[in-house]
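Colleague: Right, I'll just put the structure down here and ask away after.
Since every read-out is calculated from the coordinates, none of them should be taken as a lab result. Since this is a predicted model, take the numbers as computed values, not measurements. Backbone-built Cβ (ideal geometry, glycine too); neighbour counts: all protein chains shown.
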Amino acid sequence: MAEREIIKEYSKGDLTVVWKPKKCVHSAICVHTLPKVYDPNKKPWIEPENATIDELKSQINKCPSGALTYTMKEETKNSEEETNNTRVEIMTNGPLLVHGNLEVKDASGKTESKSGVTALCRCGASANKPYCDGAHKKIDFVG
């Protein structure tokens, strides 16, 4: 049976911050950019009322994993605008980020479609291979 994806939503006016914890690679860009909004030691850890909508949108667009996205009224904005082009980015001491649409086929032949940003493990320590789960930070991966 497939595990249900956890999705959390936090609203401020017309903007809703959407967080998908399984996609998070723990880069902490959100915490460093807007520490008054993102505090992993608090519950809830996201308080969108502590920033402007423009500040929130700008920060969410920098999320390297696509774990943070937002919606505005009827319109969805991903952290990476979907394009027909695929772009690959190597994060220093972290995952391989694939921006765009792709299909991932595992060893058994099962395929999974991905879009936006997909973080692939480079360190080999992820418990969610081939995807990054942030384990590179725990093992002090250099690469």
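Colleague: What is the Å³ per residue value for the convex hull set by the Cα atoms of the chain?
Modeller: Values: hull volume 18.9 nm³, N = 143.
Each residue corresponds to 132 Å³ of Cα convex hull volume.
Colleague: Springs between alpha-carbon atoms under 10 Å, Gaussian network over the chain: tell me which of G100, G66, G109 tops the mean-square fluctuations.
Modeller: Most flexible of the set in this elastic network: G109.
Colleague: Taking only Cα atoms and a 10 Å spring cutoff, compute GNM fluctuations for the chain and point out the largest among S108, S58, S27.
Modeller: Between S108, S58, S27, it is S108 that shows the largest mean-square fluctuation.
Colleague: Follow-up question, since we're still on this one. Which order results if Y38, Y70 are arranged by neighbouring Cβ count within 10 Å, fewest first? Don't skip to the answer; put the middle values down first.
Modeller: Working: Y38 23, Y70 26.
So the residues, fewest neighbours to most, are Y38, Y70.
Colleague: About its Cα centre, what dipole magnitude does the range 14-123 give when the only charges are +1 on Lys and Arg Cβ and -1 on Asp and Glu Cβ, stated in debye to the nearest 20? Show your work: numbers first, answer last.
Modeller: Working: 15 positive and 15 negative charges, 93 e Å.
Once rounded to the nearest 20, the dipole reads 440 debye.
Colleague: Stretched out fully, how many nm does the piece from S11 to K129 gain, at 0.36 nm a residue minus the Cα gap? Please list the in-between numbers first.
Modeller: Details: separation 118, 0.36 × 118 = 42.48 nm, distance 3.19 nm.
Value of the extension gain: 39.3 nm.
Colleague: What is the ratio of the Cα radius of gyration of the range 8-77 to 2.2 N^0.38 Å, where N is its residue count, to two decimals? Walk me through the intermediate numbers first.
Modeller: Numbers: Rg = 10.8 Å, N = 70, 2.2 N^0.38 = 11.1 Å.
Here the Cα radius of gyration is 0.98 times the empirical estimate.
Colleague: Please report K8, K137 as a ranked list, fewest other C-beta atoms within 10 angstrom at the top and most at the bottom.
Modeller: Details: K8 12, K137 15.
The fewest-first ordering by Cβ neighbours comes to K8, K137.
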